[in-house]
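**Student:** This is the structure, below, for whatever I ask next.
The values are calculated or read from the model by the stated rules, or taken from the named source; none is laboratory data. The shown structure was predicted, so the numbers you read here are calculated from the model rather than taken from an experiment. As a convention, Cβ positions derive from the backbone with ideal geometry for all residues, glycine included, and neighbour counts pool all protein chains shown. SASA here: full protein model, heavy atoms, side chains in, ligands and nucleic acids out. Shrake-Rupley method; radii C 1.70, N 1.55, O 1.52, S 1.80 Å.
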Amino acid sequence: MSLTELDKKYIASTYNRFPVEVSHGKGAILYDKNGKEYIDLGSGIGVNAFGYCDDNWCDAVKEQISQIQHTSNLYYTEPSVKLAKLLCEKTGMKKVFFSNSGAEANECAIKAARKYASKKKGDEYFTIITLKNSFHGRTLTTLAATGQDKFHELYKPLTDGFISIDAEDTDALLTAIKNHKTAAVILECIQGEGGVIPLSHEYISSVRKITEENDVLLIIDEVQTGNGRTGKLYAYMNYGITPDIVSTAKGLGGGLPLGATLLGEKVENIFDFGDHGSTFGANPVCCAAALSVLERLTDGFLDEVRKKSEFLFDFFSDRKGIESVSGMGLMVGLKTTRPAKDVILEAMENGVLLLSAKDKVRLLPPLNIDIGLLGKAAETIAKICEKEN
Ligand SMILES: *Cc1c(COP(=O)(O)O)cnc(C)c1O
(Lines give C-alpha, C1' and ligand atoms only; values in the text may rest on other atoms or scores of the structure.)
Protein backbone atom coordinates (compact mmCIF):
# COMPACT_ATOMS: atom_id res chain seq x y z
CA MET A 1 0.00 0.00 0.00
CA SER A 2 1.15 3.51 -0.69
CA LEU A 3 1.66 5.99 2.13
CA THR A 4 -1.51 7.75 1.02
CA GLU A 5 -3.50 4.53 1.28
CA LEU A 6 -1.98 3.57 4.63
CA ASP A 7 -2.71 7.05 5.97
CA LYS A 8 -6.33 6.69 4.84
CA LYS A 9 -6.58 3.28 6.43
CA TYR A 10 -4.92 3.99 9.78
CA ILE A 11 -5.15 7.70 10.54
CA ALA A 12 -8.39 9.31 11.68
CA SER A 13 -9.72 11.20 8.73
CA THR A 14 -9.81 14.65 10.31
CA TYR A 15 -7.44 16.20 7.74
CA ASN A 16 -8.06 16.64 4.04
CA ARG A 17 -4.40 16.49 2.98
CA PHE A 18 -2.82 17.81 -0.18
CA PRO A 19 -1.20 15.14 -2.37
CA VAL A 20 2.35 15.87 -1.18
CA GLU A 21 4.57 13.42 0.72
CA VAL A 22 6.99 15.54 2.66
CA SER A 23 10.57 14.34 2.99
CA HIS A 24 12.85 17.01 4.46
CA GLY A 25 13.50 20.71 4.50
CA LYS A 26 16.07 23.45 4.99
CA GLY A 27 15.20 27.06 5.72
CA ALA A 28 12.12 28.04 3.75
CA ILE A 29 12.55 25.16 1.31
CA LEU A 30 10.62 21.93 1.67
CA TYR A 31 11.34 18.82 -0.42
CA ASP A 32 8.86 16.08 -1.21
CA LYS A 33 9.75 12.41 -1.61
CA ASN A 34 10.28 12.88 -5.35
CA GLY A 35 12.82 15.63 -4.70
CA LYS A 36 10.45 18.39 -5.81
CA GLU A 37 11.30 21.71 -4.16
CA TYR A 38 8.77 24.08 -2.63
CA ILE A 39 9.13 27.54 -1.13
CA ASP A 40 7.02 27.05 1.97
CA LEU A 41 5.06 30.15 2.95
CA GLY A 42 3.03 28.23 5.52
CA SER A 43 5.76 27.23 8.01
CA GLY A 44 3.67 24.33 9.32
CA ILE A 45 0.93 26.88 10.12
CA GLY A 46 3.18 29.50 11.61
CA VAL A 47 5.20 27.05 13.68
CA ASN A 48 8.63 26.89 12.06
CA ALA A 49 9.57 30.48 12.94
CA PHE A 50 13.09 29.97 11.57
CA GLY A 51 12.15 27.55 8.83
CA TYR A 52 13.16 23.92 8.55
CA CYS A 53 16.15 22.56 10.46
CA ASP A 54 17.68 25.93 11.20
CA ASP A 55 21.27 25.34 12.40
CA ASN A 56 21.01 27.29 15.66
CA TRP A 57 17.68 25.79 16.52
CA CYS A 58 18.90 22.25 15.76
CA ASP A 59 21.99 22.79 17.93
CA ALA A 60 19.86 23.96 20.85
CA VAL A 61 17.57 20.94 20.51
CA LYS A 62 20.40 18.44 20.09
CA GLU A 63 22.31 19.80 23.04
CA GLN A 64 19.30 19.59 25.33
CA ILE A 65 18.07 16.22 24.10
CA SER A 66 21.44 14.66 24.87
CA GLN A 67 21.24 16.00 28.44
CA ILE A 68 17.69 15.06 29.42
CA GLN A 69 14.61 14.63 27.23
CA HIS A 70 11.94 14.85 29.91
CA THR A 71 11.46 14.87 33.63
CA SER A 72 8.34 15.64 35.58
CA ASN A 73 7.25 18.96 36.97
CA LEU A 74 8.14 17.53 40.40
CA TYR A 75 11.69 18.78 39.84
CA TYR A 76 13.42 21.97 38.73
CA THR A 77 14.77 22.27 35.18
CA GLU A 78 16.93 25.04 33.76
CA PRO A 79 15.46 25.55 30.24
CA SER A 80 11.94 26.23 31.52
CA VAL A 81 13.14 28.73 34.13
CA LYS A 82 15.38 30.55 31.65
CA LEU A 83 12.56 30.69 29.11
CA ALA A 84 9.99 31.94 31.62
CA LYS A 85 12.41 34.63 32.82
CA LEU A 86 13.06 35.80 29.25
CA LEU A 87 9.35 35.81 28.39
CA CYS A 88 8.61 37.94 31.47
CA GLU A 89 11.52 40.30 30.83
CA LYS A 90 10.50 40.83 27.23
CA THR A 91 6.80 41.37 27.97
CA GLY A 92 6.53 42.74 31.50
CA MET A 93 4.25 39.85 32.39
CA LYS A 94 4.97 38.27 35.77
CA LYS A 95 4.73 34.48 35.61
CA VAL A 96 4.41 31.71 33.04
CA PHE A 97 2.57 28.40 32.88
CA PHE A 98 3.87 26.01 30.20
CA SER A 99 1.73 23.55 28.27
CA ASN A 100 1.93 21.89 24.86
CA SER A 101 -0.42 23.67 22.49
CA GLY A 102 -2.44 26.76 21.78
CA ALA A 103 -5.68 25.27 23.03
CA GLU A 104 -4.04 24.33 26.31
CA ALA A 105 -2.50 27.78 26.68
CA ASN A 106 -6.01 29.21 26.31
CA GLU A 107 -7.49 26.67 28.73
CA CYS A 108 -5.01 27.84 31.35
CA ALA A 109 -5.82 31.49 30.60
CA ILE A 110 -9.53 30.78 31.05
CA LYS A 111 -8.95 28.87 34.29
CA ALA A 112 -6.83 31.73 35.64
CA ALA A 113 -9.52 34.27 34.74
CA ARG A 114 -12.32 32.22 36.26
CA LYS A 115 -10.42 31.67 39.49
CA TYR A 116 -9.53 35.36 39.71
CA ALA A 117 -13.10 36.52 39.15
CA SER A 118 -14.55 33.93 41.48
CA LYS A 119 -12.20 34.92 44.32
CA LYS A 120 -12.55 38.63 43.73
CA LYS A 121 -16.23 39.00 42.85
CA GLY A 122 -17.94 35.68 43.42
CA ASP A 123 -18.52 32.29 41.82
CA GLU A 124 -21.21 33.63 39.50
CA TYR A 125 -18.69 35.83 37.66
CA PHE A 126 -17.66 33.15 35.19
CA THR A 127 -18.69 34.47 31.78
CA ILE A 128 -15.96 34.75 29.18
CA ILE A 129 -16.74 37.16 26.35
CA THR A 130 -15.25 36.23 23.00
CA LEU A 131 -15.52 37.68 19.51
CA LYS A 132 -17.46 36.36 16.56
CA ASN A 133 -15.25 34.86 13.87
CA SER A 134 -12.52 34.08 16.42
CA PHE A 135 -10.55 30.87 16.78
CA HIS A 136 -9.20 29.68 20.11
CA GLY A 137 -8.72 25.91 19.74
CA ARG A 138 -10.35 22.50 19.48
CA THR A 139 -10.94 21.36 23.05
CA LEU A 140 -14.53 21.59 24.20
CA THR A 141 -13.79 24.72 26.21
CA THR A 142 -11.74 26.52 23.58
CA LEU A 143 -14.36 25.54 21.00
CA ALA A 144 -16.91 27.26 23.23
CA ALA A 145 -14.62 30.30 23.12
CA THR A 146 -14.37 30.08 19.34
CA GLY A 147 -17.02 32.38 17.89
CA GLN A 148 -17.81 30.30 14.81
CA ASP A 149 -20.90 28.08 14.95
CA LYS A 150 -19.63 25.68 12.31
CA PHE A 151 -17.08 24.33 14.80
CA HIS A 152 -19.74 23.75 17.48
CA GLU A 153 -22.42 21.76 15.76
CA LEU A 154 -21.19 18.20 16.30
CA TYR A 155 -20.04 18.49 19.88
CA LYS A 156 -22.72 20.08 22.00
CA PRO A 157 -23.01 20.66 24.87
CA LEU A 158 -19.81 22.68 25.00
CA THR A 159 -18.41 24.24 28.17
CA ASP A 160 -20.91 26.68 29.60
CA GLY A 161 -20.34 30.37 30.19
CA PHE A 162 -19.10 31.72 26.87
CA ILE A 163 -20.78 34.36 24.75
CA SER A 164 -19.50 35.85 21.55
CA ILE A 165 -20.11 39.39 20.35
CA ASP A 166 -19.31 41.30 17.17
CA ALA A 167 -15.80 42.69 16.90
CA GLU A 168 -15.36 46.45 16.51
CA ASP A 169 -18.58 47.11 18.47
CA THR A 170 -17.81 48.61 21.88
CA ASP A 171 -21.51 49.02 22.71
CA ALA A 172 -21.95 45.28 22.32
CA LEU A 173 -19.10 44.78 24.77
CA LEU A 174 -20.58 47.19 27.29
CA THR A 175 -23.97 45.50 27.01
CA ALA A 176 -22.45 42.04 27.40
CA ILE A 177 -20.57 43.08 30.53
CA LYS A 178 -23.74 44.64 31.91
CA ASN A 179 -25.89 41.59 31.20
CA HIS A 180 -23.45 38.85 32.20
CA LYS A 181 -21.34 38.48 35.28
CA THR A 182 -18.07 38.53 33.40
CA ALA A 183 -14.65 37.15 34.23
CA ALA A 184 -12.74 38.01 31.07
CA VAL A 185 -12.64 39.00 27.43
CA ILE A 186 -10.49 36.92 25.09
CA LEU A 187 -9.49 38.07 21.62
CA GLU A 188 -6.92 37.77 18.85
CA CYS A 189 -5.54 41.18 17.79
CA ILE A 190 -5.51 39.77 14.28
CA GLN A 191 -8.10 37.10 13.68
CA GLY A 192 -6.06 34.40 11.97
CA GLU A 193 -8.24 31.43 11.07
CA GLY A 194 -11.10 33.92 10.72
CA GLY A 195 -9.49 35.42 7.60
CA VAL A 196 -6.40 37.41 8.69
CA ILE A 197 -8.42 40.36 9.99
CA PRO A 198 -6.59 42.91 12.16
CA LEU A 199 -8.75 44.61 14.76
CA SER A 200 -8.55 48.40 14.80
CA HIS A 201 -6.41 50.36 17.24
CA GLU A 202 -9.47 52.25 18.45
CA TYR A 203 -11.34 49.04 19.21
CA ILE A 204 -8.49 47.35 21.07
CA SER A 205 -7.85 50.52 23.10
CA SER A 206 -11.53 50.74 23.99
CA VAL A 207 -11.65 47.07 24.99
CA ARG A 208 -8.66 47.61 27.25
CA LYS A 209 -10.26 50.69 28.82
CA ILE A 210 -13.66 49.06 29.32
CA THR A 211 -12.23 45.84 30.76
CA GLU A 212 -10.00 47.80 33.12
CA GLU A 213 -12.89 49.96 34.34
CA ASN A 214 -14.98 46.85 35.02
CA ASP A 215 -12.19 44.74 36.50
CA VAL A 216 -12.72 42.23 33.73
CA LEU A 217 -9.51 40.50 32.64
CA LEU A 218 -8.26 40.92 29.08
CA ILE A 219 -6.77 37.75 27.61
CA ILE A 220 -4.92 38.19 24.33
CA ASP A 221 -4.65 35.01 22.27
CA GLU A 222 -1.21 35.26 20.66
CA VAL A 223 -1.07 31.64 19.56
CA GLN A 224 -0.74 32.61 15.90
CA THR A 225 0.22 36.29 16.12
CA GLY A 226 2.93 35.86 18.75
CA ASN A 227 6.67 35.36 18.73
CA GLY A 228 7.61 37.91 16.09
CA ARG A 229 4.94 37.03 13.54
CA THR A 230 3.49 40.56 13.29
CA GLY A 231 6.83 42.39 13.36
CA LYS A 232 6.65 42.93 17.12
CA LEU A 233 7.37 40.26 19.69
CA TYR A 234 3.64 39.98 20.45
CA ALA A 235 0.84 41.50 18.38
CA TYR A 236 -0.62 43.44 21.33
CA MET A 237 2.60 45.47 21.33
CA ASN A 238 1.47 47.03 18.05
CA TYR A 239 -1.52 48.42 19.94
CA GLY A 240 0.18 49.94 22.97
CA ILE A 241 -1.86 48.00 25.53
CA THR A 242 -0.94 45.74 28.44
CA PRO A 243 -3.05 42.56 28.61
CA ASP A 244 -3.75 40.74 31.87
CA ILE A 245 -3.04 37.34 30.34
CA VAL A 246 -1.30 36.33 27.10
CA SER A 247 -1.52 32.85 25.59
CA THR A 248 0.88 31.68 22.93
CA ALA A 249 2.11 28.53 21.18
CA LYS A 250 2.66 27.84 17.43
CA GLY A 251 5.93 29.68 16.65
CA LEU A 252 7.17 29.67 20.24
CA GLY A 253 8.97 26.32 20.06
CA GLY A 254 10.08 26.86 16.47
CA GLY A 255 8.73 23.41 15.55
CA LEU A 256 8.39 21.58 18.84
CA PRO A 257 5.10 21.59 20.75
CA LEU A 258 5.03 24.24 23.44
CA GLY A 259 2.29 26.47 24.80
CA ALA A 260 2.74 29.28 27.28
CA THR A 261 0.28 31.30 29.33
CA LEU A 262 1.79 34.55 30.54
CA LEU A 263 0.18 35.88 33.70
CA GLY A 264 0.17 39.60 34.40
CA GLU A 265 0.11 41.44 37.72
CA LYS A 266 -3.52 40.72 38.62
CA VAL A 267 -3.19 36.97 38.21
CA GLU A 268 0.48 36.29 38.83
CA ASN A 269 -0.28 34.41 42.04
CA ILE A 270 -3.70 33.10 41.12
CA PHE A 271 -2.66 29.45 41.02
CA ASP A 272 -1.78 27.44 44.12
CA PHE A 273 -0.14 24.03 44.26
CA GLY A 274 -2.28 21.47 42.45
CA ASP A 275 -4.57 24.01 40.77
CA HIS A 276 -3.35 23.21 37.28
CA GLY A 277 -0.74 21.03 35.64
CA SER A 278 0.56 19.28 32.56
CA THR A 279 2.68 16.13 32.35
CA PHE A 280 4.54 17.24 29.25
CA GLY A 281 4.37 20.97 30.05
CA ALA A 282 7.74 22.74 30.29
CA ASN A 283 9.46 19.87 28.49
CA PRO A 284 13.18 20.77 28.59
CA VAL A 285 13.79 20.11 24.89
CA CYS A 286 10.81 22.22 23.83
CA CYS A 287 11.86 24.97 26.25
CA ALA A 288 15.47 24.93 25.00
CA ALA A 289 14.14 25.20 21.44
CA ALA A 290 11.89 28.11 22.41
CA LEU A 291 14.73 29.83 24.22
CA SER A 292 16.81 29.72 21.04
CA VAL A 293 13.86 31.20 19.10
CA LEU A 294 13.11 33.94 21.59
CA GLU A 295 16.75 35.00 21.99
CA ARG A 296 16.91 35.70 18.26
CA LEU A 297 13.77 37.83 18.12
CA THR A 298 15.73 41.01 18.77
CA ASP A 299 14.63 44.52 17.75
CA GLY A 300 16.99 44.35 14.78
CA PHE A 301 15.55 41.04 13.64
CA LEU A 302 11.99 42.32 14.03
CA ASP A 303 12.91 45.37 11.89
CA GLU A 304 13.78 42.91 9.13
CA VAL A 305 10.43 41.15 9.58
CA ARG A 306 8.68 44.51 9.15
CA LYS A 307 10.72 45.29 6.02
CA LYS A 308 9.75 41.98 4.46
CA SER A 309 6.17 42.71 5.44
CA GLU A 310 6.27 46.11 3.70
CA PHE A 311 7.70 44.44 0.64
CA LEU A 312 4.79 41.96 0.53
CA PHE A 313 2.11 44.59 1.13
CA ASP A 314 3.62 46.85 -1.60
CA PHE A 315 4.04 43.95 -3.96
CA PHE A 316 0.48 42.65 -3.69
CA SER A 317 -1.44 45.92 -3.53
CA ASP A 318 -2.99 47.05 -6.83
CA ARG A 319 -2.31 43.73 -8.53
CA LYS A 320 -4.71 42.29 -11.02
CA GLY A 321 -6.63 39.42 -9.39
CA ILE A 322 -5.81 40.52 -5.83
CA GLU A 323 -8.69 42.46 -4.33
CA SER A 324 -7.18 43.21 -0.95
CA VAL A 325 -4.19 42.54 1.26
CA SER A 326 -4.72 42.24 5.01
CA GLY A 327 -2.75 41.35 8.09
CA MET A 328 0.37 42.53 9.81
CA GLY A 329 4.04 41.60 9.68
CA LEU A 330 4.52 38.23 8.06
CA MET A 331 0.91 37.24 8.66
CA VAL A 332 -0.72 38.17 5.38
CA GLY A 333 -4.12 37.49 3.85
CA LEU A 334 -4.86 37.89 0.15
CA LYS A 335 -8.42 38.22 -1.08
CA THR A 336 -8.06 36.84 -4.56
CA THR A 337 -10.52 37.08 -7.43
CA ARG A 338 -9.96 33.43 -8.21
CA PRO A 339 -11.08 31.01 -5.47
CA ALA A 340 -8.34 30.72 -2.82
CA LYS A 341 -8.37 26.94 -3.20
CA ASP A 342 -7.49 27.16 -6.91
CA VAL A 343 -4.69 29.61 -6.22
CA ILE A 344 -3.26 27.37 -3.50
CA LEU A 345 -3.36 24.24 -5.70
CA GLU A 346 -1.78 25.97 -8.66
CA ALA A 347 0.90 27.56 -6.47
CA MET A 348 1.70 24.11 -5.13
CA GLU A 349 2.17 22.80 -8.66
CA ASN A 350 4.49 25.74 -9.23
CA GLY A 351 6.55 25.05 -6.11
CA VAL A 352 5.02 27.48 -3.59
CA LEU A 353 3.12 26.30 -0.51
CA LEU A 354 0.34 28.53 0.80
CA LEU A 355 -2.39 28.34 3.44
CA SER A 356 -5.99 29.43 3.42
CA ALA A 357 -8.03 31.31 6.02
CA LYS A 358 -11.75 31.37 5.27
CA ASP A 359 -11.99 32.68 1.69
CA LYS A 360 -8.47 34.10 1.67
CA VAL A 361 -5.02 32.89 0.75
CA ARG A 362 -2.88 33.13 3.87
CA LEU A 363 0.89 33.55 4.04
CA LEU A 364 2.88 32.76 7.20
CA PRO A 365 6.44 32.47 5.87
CA PRO A 366 9.37 31.69 8.16
CA LEU A 367 10.41 34.95 9.83
CA ASN A 368 13.99 34.65 8.58
CA ILE A 369 13.07 33.90 4.95
CA ASP A 370 15.47 35.44 2.45
CA ILE A 371 13.80 38.44 0.81
CA GLY A 372 14.91 37.26 -2.64
CA LEU A 373 13.17 33.94 -2.11
CA LEU A 374 10.11 35.73 -0.77
CA GLY A 375 10.10 37.88 -3.93
CA LYS A 376 10.35 34.81 -6.12
CA ALA A 377 7.38 33.19 -4.37
CA ALA A 378 5.41 36.45 -4.56
CA GLU A 379 5.97 36.61 -8.36
CA THR A 380 4.64 33.06 -8.70
CA ILE A 381 1.54 33.94 -6.63
CA ALA A 382 0.91 37.15 -8.59
CA LYS A 383 1.09 35.31 -11.93
CA ILE A 384 -1.42 32.74 -10.72
CA CYS A 385 -3.79 35.36 -9.32
CA GLU A 386 -3.92 37.45 -12.47
CA LYS A 387 -5.03 34.52 -14.65
CA GLU A 388 -8.69 34.26 -15.58
CA ASN A 389 -10.29 31.22 -14.01
C1 LIG B 1 -3.88 27.63 16.11
C2 LIG B 1 -4.58 28.48 17.09
C3 LIG B 1 -5.06 27.97 18.31
C4 LIG B 1 -4.99 26.49 18.65
O5 LIG B 1 -3.68 26.05 18.76
P6 LIG B 1 -3.38 24.46 18.87
O7 LIG B 1 -1.90 24.41 19.11
O8 LIG B 1 -3.80 23.86 17.57
O9 LIG B 1 -4.16 23.95 20.01
C10 LIG B 1 -5.62 28.84 19.22
N11 LIG B 1 -5.74 30.15 18.95
C12 LIG B 1 -5.31 30.68 17.79
C13 LIG B 1 -5.44 32.15 17.55
C14 LIG B 1 -4.73 29.87 16.81
O15 LIG B 1 -4.33 30.40 15.65
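**Student:** Of all GluC sites (Glu not before Pro) in segment 54-135, which ones are in loop regions per DSSP and have a Cβ with at most 12 other Cβ atoms within 10 Å?
**Tutor:** GLU124
**Student:** Taking H placed 1.01 Å from N in the peptide plane, check which residues at least 5 places from ALA357 or on another chain put their amide H under 5 Å from its amide H.
**Tutor:** Counting only residues 5 or more places away or on other chains, the set is ARG362.
**Student:** With both bridge residues required to lie in the chain, what share of the DSSP beta bridges run antiparallel, to the nearest 5%?
**Tutor:** Approximately 65 percent, going by the DSSP bridge assignments.
**Student:** Ignoring ligands, DNA and RNA, what percent of the 1.4 Å accessible area of the chain is carbon and sulfur?
**Tutor:** The computed percentage sits at 52.
**Student:** In deg cm²/dmol, rounded to 500, what helix-only [θ] at 222 nm does the chain give when every DSSP H run of at least 4 residues adds -39500 (n - 2.57) and the total is split over its residues?
**Tutor:** Dividing the helical sum by the residues of the chain leaves -11500 deg cm²/dmol.
**Student:** With a cap of 15 neighbouring Cβ atoms within 10 Å, and only residues DSSP puts in a loop, list the trypsin sites (Lys or Arg not before Pro) found in segment 318-355.
**Tutor:** LYS320
**Student:** Equivalent-ellipsoid semi-axes (√(5λ), Cα gyration tensor) for segment 62-162, whole Å, largest first?
**Tutor:** Those come to 31, 19, 13 Å.
**Student:** Turning to a different aspect of this structure: So for segment 7-62, averaging the separation of alpha carbon pairs under 8 Å that are six or more residues apart and normalising by length, what relative contact order in percent results?
**Tutor:** Averaging sequence separation for qualifying contacts and normalising by length gives 26 percent for segment 7-62.
**Student:** In percent, how large is the relative contact order of the chain, given Cα pairs closer than 8 Å and 6 or more residues apart?
**Tutor:** About 23 percent, as a whole number.
**Student:** Also, quick follow-up: What are the equivalent ellipsoid semi-axes of segment 1-109, built from the alpha-carbon gyration tensor (square roots of five times its eigenvalues), in whole angstrom, biggest first?
**Tutor:** 33, 19, 16
**Student:** Against the longest alpha carbon principal axis of the chain, how many degrees, from 0 to 90 and to the nearest 10, is the axis of helix 340-349 turned?
**Tutor:** Once rounded, the angle reads 50 degrees.
**Student:** Would you mind checking the tilt of helix 170-179 against the longest principal axis of the Cα atoms of the chain, expressed as 0 to 90 degrees and rounded to 10?
**Tutor:** 40 degrees
**Student:** Continuing with the same structure: Can you give the Rg to Rh ratio of segment 68-294, both from alpha-carbon atoms, with Rh computed by the Kirkwood formula?
**Tutor:** 0.95
**Student:** Going by alpha carbons, how many degrees (0 to 90, nearest 10) lie between the helix axis of 371-386 and the longest principal axis of the chain?
**Tutor:** The helix 371-386 is inclined about 80 degrees to the chain.
**Student:** Let's test the formula: R0 of 35 Å, r as the Cβ-Cβ distance of ASN269 and PHE313. What FRET efficiency results, to the nearest 0.05?
**Tutor:** According to the calculation, E is roughly 0.25.
**Student:** Another question, then. Taking amide hydrogens as modeled 1.01 Å from N in the peptide plane, which residues meet the under 5 Å criterion relative to ILE165, leaving out close sequence neighbours?
**Tutor:** For ILE165, whose amide H was placed from the backbone, the distant partners under 5 Å are THR130, LEU131, LYS132.
**Student:** Give the distance, in whole Å, between the Cα centre of segment 56-71 and the Cα centre of segment 352-389.
**Tutor:** 33 Å
**Student:** Please report the base-10 log of the normalised intensity I(q)/I(0) for the chain, using a Debye sum with one equal scatterer per alpha carbon and no solvent, at each q in 0.07, 0.08, 0.11, 0.14 (1/Å).
**Tutor:** -0.32, -0.42, -0.80, -1.28
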